[in-house]
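Here's the structure, in structure tokens; my notes come after.
The values are calculated or read from the model by the stated rules, or taken from the named source; none is laboratory data. Since the model is a prediction, treat every value here as computed from it, not as a measurement. We place every Cβ from the backbone using ideal geometry, glycine too, and count neighbours over all the protein chains shown. Ligands, DNA and RNA are excluded from the accessible area calculation, which covers all protein heavy atoms including side chains. Shrake-Rupley method; radii C 1.70, N 1.55, O 1.52, S 1.80 Å.
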Amino acid sequence: MKNLHTDPRENAPVKHTVTPDDLQQIQQRRIEAHAARETSDGLNLLRAFKLGEALRESRE
């Protein structure tokens, strides 16, 4: 609902653009998050492998 003030900029839509610096920060965060997921996946796989070995040894 628009207000009845006479200032045209008060009712104008606000445009939020992404600056090149913001875009670079977003891309850097994505790269870091991907690297963190890769590291986490590798560690989980290693833990699962060691757990499997431990279970095999305990059955013997």
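For segment 42-57, state whether one or more residues are open to solvent by 90 Å² or more (accessible area, probe 1.4 Å) and either of a type in the set (S, T, N, Q) or outside any helix (DSSP H, G or I) (or both). Checked against the condition, which is being open to solvent by 90 Å² or more (accessible area, probe 1.4 Å) and either of a type in the set (S, T, N, Q) or outside any helix (DSSP H, G or I) (or both), segment 42-57 yields no hits at all. In segment 25-34 there is no residue that is among the hydrophobic types (A, V, I, L, M, F, W, C), at pLDDT below 90 and either open to solvent by 100 Å² or more (accessible area, probe 1.4 Å) or in contact with a helix residue (DSSP H, G or I) (Cβ under 9 Å, 6 or more places away or on another chain) (or both).
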